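In what follows, a structure is listed as C-alpha cells, so that the remarks can point back to it.
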Amino acid sequence: MRVTHFPVLENAMELTDRFVFNLKEGIDNPAMDIAEDAERVSGPLPRVCVLKREEGENFGFHLRVERGRPGHVVRHVDTLGVAERAGLRDGDRLLEVNELFVDDLGHVEVAGKIQVSGPQLCLLVLDGEEYEQAVAQGRDLRELAGAQRGEGWKPPRLCHITRDPVTGLGFSILPVEGEKGKFTISPVTGGPAEKAGVRKADRLIWINGAMACELTHSAISKMVKKCSDHMTVLVIDSESEKSYVRRRMLILPAMADAQSMPHRPRRLHLEQGPDGYGFYLRQEKTSAGRLVHMLRDVEAGSPAELAGVKDGELLLEVNGESTEHLSHEDVVSLFRQSGQQVTITTMTLHGQDFYTKLGLSPLLFTEEDAPAKEQKEKPAAVVKLAAPLAEAQEELRVEANVRLCVLQRGTVGFGFHLGCIQQKPGTFHQPGGSAESSGLLQGDVIVEVNGQNVEDECLEDVILLMKKGETSLSLLVVDRPGYEWMKKNGKPITAEKVVKASEVKEDVSPSPTQPTL
C-alpha cells in the first residue's frame, strides 16, 4: 500500500480545504437524478451532489481506492454531515469533480482537485452497483458523465480584463429584468473585455471574488469604479446557464475555462543530473509575513534551467503534493524520495498574491510546461548521461534501512499522516511527535503492523489495524529506495533485517546547512 501525507491517521482520507473562496450561498436541494435526460440516455444515470461547507467544517466523507473495486469509492459518509445532506452515499463512485472527469485520474490527483476547489463543491457520482455494471458492459463513462449537460452546453469562462487608458475596462453591466440577483455583462466591440473573452449578453456570475447574485447593481457599479487597472469576472452564456439551473448546480470558478487568466502556475518535469537538479531551495518570509518555499540560484545548463525553472519562483507542489504546510526539511525529503526524476509546480510570488486577493487557489489554473524545443537546442548530456550511470550505481549501493518502530499514542494520536495511491506500496508523512522519536522517517514503506503484513492491504484496513493497538503500535518499515530494490531482487523484508532507528536517523537526517537540489 502507498500512503500520502494529506489525511491524518485519526481521521484518514478526510477531505478538507486549505483555500477559502468567498461564496456564501449554496443550493439546498441535494443530489438529483437527471430525470429530464432519462428518455435521451439509456442505462444508469449519474447524480449531481452539491456540497457546501462552513469555515472549519469538513465535507464529511472519505475517498478510497479499494482492491478489487474499480473507480474512486466514496466511504464513511458522516451522518447528517455536509456530504450526506448533499445526497452522497456510501459506495458511490466519483465521475466528476466540478465538471472535470476524474475516473481516469490517480487517487492523489483527484483528492487534490477536491482540496483546492474551495468551500463549495459539485460532484457527479454513480451508484456503486450501477458503476460496476457499466464498467462490465464496457460503457464509456466519460460520455455517460457528459450526456447530462445537454446539447449546446459550454463551460463558464474566467475573464481577466486589463483596463485600457482610453476606453477603460470596456463593458457594461445591467440587471436582468424580473430576475433578482441576475445580471448581464456586454463588452464594447474591440475593447479589453471582449479581448479577454467576454461576449455579448453573457451572464455575470462572479466578479473579483464575490458572487454577483449577492450584490446589488449599485454595489457592482461601485466595485467597477474602484478597481485600479484590472478586474476578473466569471461569465457564461444564457443557454449554458440553463443547463446548470436545470441540474441545480452552482457555477464555480473551478469549472471555468480560464485561458485569459494571468500568472498561471507551471508543472515542470526535471531529470536529475550528476550534480543534482541545479538549484537551491530556501524557505523565506514574504513582506506580508507568509513563509514560502523559494527556488533560488538556478545554475546555467542544469536540469532545472533546461526544464524552465526561474530564479525567485515559488515551489507549490512536489510530485503533486502541496508544499504549503510543509517544513523546509519535509520538502527536501520529497525531492530525495523522488529518485532520478521529479515533477514540480512553480509560480511567481506576484502570481500567488494575485490569486490570494481573489480567494482562489492558483493550483486551479496549473498548466503543463515542457520546453522540449529548448532542451533539444541545448546539449542534453548533463541530463541524459546521468540516468544510466545513476541506475548502475543504484544496483550496487542500495542497502535497505529496515526498522522496527514502536510508537506510543499521544494527545494527537501516533503523530503521522497516512494516505493512499493506487497500485503503489505505502509511505507515510510524519510532522514530529512520537512518530519522529520512534525512528519513523518521511517516505517509509509500512510492511507490517503489529506483526501482520499489510503490503497488499487497502488504506482503511491498515488504519483499523493500527487503531487496535490502542496505546502502542509496532511498525516494521523500510525506506522507499530500499523497499523497491528488495522487491526487485526478491529479497524478503523481515524483522531479522532490522537496524537501529538511531543509526538510520543519523545517516539520513537533513543537514543543518542548506542543501543543493
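Can residue 195 be described as surrounded by fewer than 16 Cβ atoms within 10 Å (Cβ to Cβ), under 21 Å from residue 96 (Cα atoms) and basic (Lys, Arg)? Working first, answer last.
Numbers: surrounded by fewer than 16 Cβ atoms within 10 Å (Cβ to Cβ): yes; under 21 Å from residue 96 (Cα atoms): no; basic (Lys, Arg): yes.
For residue 195, the condition - surrounded by fewer than 16 Cβ atoms within 10 Å (Cβ to Cβ), under 21 Å from residue 96 (Cα atoms) and basic (Lys, Arg) - is not met.
With respect to residue 203, is the statement that it is without any contact (Cβ under 8 Å) to a residue 40 or more places away in the chain, farther than 21 Å from residue 362 by Cβ, surrounded by 18 or more Cβ atoms within 10 Å (Cβ to Cβ) and basic (Lys, Arg) true?
Details: without any contact (Cβ under 8 Å) to a residue 40 or more places away in the chain: yes; farther than 21 Å from residue 362 by Cβ: yes; surrounded by 18 or more Cβ atoms within 10 Å (Cβ to Cβ): yes; basic (Lys, Arg): yes.
Criteria met by residue 203.
Residues of the stretch 242-280 being among the aromatic types (Phe, Trp, Tyr) and closer than 30 Å to residue 154 by Cβ, which ones?
If the condition is that a residue be among the aromatic types (Phe, Trp, Tyr) and closer than 30 Å to residue 154 by Cβ, then 244 is the only one that fits.
Quick one: what pairs do we get from the stretch 306-326, first residue closer than 20 Å to residue 340 by Cα and modelled with pLDDT under 90, second crowded, with 21+ Cβ neighbours inside 10 Å and among the hydroxyl-bearing types (Ser, Thr, Tyr), C-beta under 7 Å, 6+ apart or different chains?
That search, which allows pairs on different chains as well, returns 321/4.
Can residue 248 be described as among the basic types (Lys, Arg) and modelled with pLDDT of 95 or more? Talk me through it step by step, then tell me what you get.
Numbers: among the basic types (Lys, Arg): yes; modelled with pLDDT of 95 or more: no.
So residue 248 does not fit the description; no.
Are there helices (runs of 4 or more DSSP H) fully within the stretch 427-517 with at least 1 residues that are farther than 30 Å from residue 309 by Cβ, in contact with a strand residue (DSSP E or B) (Cβ under 6 Å, 6 or more places away or on another chain) and modelled with pLDDT of 65 or more? List them.
Working: elements: 434-438, 459-467, 480-488, 501-508.
Qualifying helices (runs of 4 or more DSSP H): 434-438, 459-467.
Taking residue 269 as the residue in question, decide whether it is touching a strand residue (DSSP E or B) at 6+ places or on another chain (Cβ under 9 Å), surrounded by fewer than 16 Cβ atoms within 10 Å (Cβ to Cβ) and in contact (Cβ under 8 Å) with a residue 60 or more places away in the chain. Can you show your working first?
On the way: touching a strand residue (DSSP E or B) at 6+ places or on another chain (Cβ under 9 Å): yes; surrounded by fewer than 16 Cβ atoms within 10 Å (Cβ to Cβ): yes; in contact (Cβ under 8 Å) with a residue 60 or more places away in the chain: yes.
Yes; evaluated as a whole, the condition is true for this residue.
Can you name the residue in the stretch 337-353 that is in a strand (DSSP E or B) and aliphatic (A, V, I, L, M) and, of all such residues, is nearest to the chain's Cα centre (by Cα)? Steps first, answer last, please.
The initial filter retains those residues of the stretch 337-353 that are in a strand (DSSP E or B), namely 341-347.
Pick out the ones that are also aliphatic (A, V, I, L, M) and you get 342, 344, 347.
Values: 342: 16, 344: 13, 347: 16 Å.
Step by step, filter the stretch 337-353, then rank; the result is 344.
Working only within the stretch 50-61, note down all residues that are surrounded by fewer than 22 Cβ atoms within 10 Å (Cβ to Cβ) and either farther than 8 Å from residue 82 by Cβ or of a type in the set (A, V, I, L, M) (or both).
54, 55, 56
Considering only residues that are of a type in the set (A, V, I, L, M) and over 10 Å from residue 265 (Cα atoms), look in the stretch 352-366 and name the one that is surrounded by the fewest Cβ atoms within 10 Å (Cβ to Cβ). Show your work before the answer.
Looking only at the stretch 352-366, we keep the residues that are of a type in the set (A, V, I, L, M), and these are 358, 360, 363-364.
Filter again for over 10 Å from residue 265 (Cα atoms), leaving 358, 360.
Details: 358: 19, 360: 25.
The residue in question is 358.
Does residue 262 fit the bill of being buried (at least 21 other Cβ atoms within 10 Å of the Cβ) and in contact with a strand residue (DSSP E or B) (Cβ under 7 Å, 6 or more places away or on another chain)?
Numbers: buried (at least 21 other Cβ atoms within 10 Å of the Cβ): no; in contact with a strand residue (DSSP E or B) (Cβ under 7 Å, 6 or more places away or on another chain): yes.
The answer is no for residue 262.
Among the listed residues 383, 402, which satisfies the condition of being touching a strand residue (DSSP E or B) at 6+ places or on another chain (Cβ under 6 Å) and modelled with pLDDT of 55 or more?
Values: 383 fails: modelled with pLDDT of 55 or more.
After ruling out the rest, the residue left standing is 402.
Please go through the stretch 336-367 and pick out each residue that is under 23 Å from residue 444 (Cα atoms) and in contact with a Gly (Cβ under 9 Å, 6 or more places away or on another chain). Give the derivation first.
Of all residues in the stretch 336-367, those under 23 Å from residue 444 (Cα atoms) come to 336-344.
336, 337, 343, listed by residue number.
Filter the stretch 83-113 down to the residues that are under 24 Å from residue 363 (Cα atoms) and either aliphatic (A, V, I, L, M) or not assigned by TED's automatic domain parsing to the domain that holds residue 45 (or both) and list them by number.
The answer is 83, 94, 95, 97, 100, 102, 105, 108, 110, 111.
Test residue 173 against the stated conditions and say whether it is crowded, with 16+ Cβ neighbours inside 10 Å and in a helix (DSSP H, G or I).
Details: crowded, with 16+ Cβ neighbours inside 10 Å: yes; in a helix (DSSP H, G or I): no.
So residue 173 fails the test.
Could you tell me which residue of the stretch 316-334 is surrounded by the most Cβ atoms within 10 Å (Cβ to Cβ), considering only residues that are hydroxyl-bearing (Ser, Thr, Tyr) and not in a helix (DSSP H, G or I)?
Of the stretch 316-334, the ones hydroxyl-bearing (Ser, Thr, Tyr) are 322-323, 327, 333.
Now narrow it down to the ones that are not in a helix (DSSP H, G or I): 322-323, 327.
Working: 322: 19, 323: 21, 327: 15.
Only one residue tops the list, namely 323.
I'm trying to understand the selection: among the residues of the stretch 230-259, which are under 20 Å from residue 112 (Cα atoms) and among the β-branched types (Val, Ile, Thr)?
Once the filter is applied, which keeps residues that are under 20 Å from residue 112 (Cα atoms) and among the β-branched types (Val, Ile, Thr), the stretch 230-259 yields only 251.
State which residue is nearest to residue 289 (Cα to Cα) when the search covers only the stretch 339-351 and only residues that are of a type outside the set (Val, Ile, Thr) and buried (at least 19 other Cβ atoms within 10 Å of the Cβ).
Residues of the stretch 339-351 that are of a type outside the set (Val, Ile, Thr), as a first pass: 339-341, 347, 349-351.
Filter again for buried (at least 19 other Cβ atoms within 10 Å of the Cβ), leaving 347, 351.
Details: 347: 18, 351: 17 Å.
Among those residues, the one meeting the criterion is 351.
Quick one: residue 211 ticks every box in (1) in the same structural domain as residue 57 (by TED's automatic domain parsing); (2) in contact (Cβ under 8 Å) with a residue 60 or more places away in the chain; (3) under 27 Å from the mean Cα position of the chain (by Cα) bar one, so which box is it?
Only one criterion in (1) in the same structural domain as residue 57 (by TED's automatic domain parsing); (2) in contact (Cβ under 8 Å) with a residue 60 or more places away in the chain; (3) under 27 Å from the mean Cα position of the chain (by Cα) is unmet by residue 211, namely (1).
Kindly provide the set of residues from the stretch 303-315 that are part of a loop (DSSP other than H, G, I, E, B) and buried (at least 21 other Cβ atoms within 10 Å of the Cβ), ordered by number. Working first, answer last.
Within the stretch 303-315, the subset part of a loop (DSSP other than H, G, I, E, B) is 308-313.
Scanning the stretch 303-315 gives 309, 313.
The values are calculated or read from the model by the stated rules, or taken from the named source; none is laboratory data. Bear in mind that the values here come from a model prediction, so they are computed numbers and not experimental data. Positions of Cβ are backbone-derived with ideal geometry, glycine not excepted, and every protein chain shown enters the neighbour counts.
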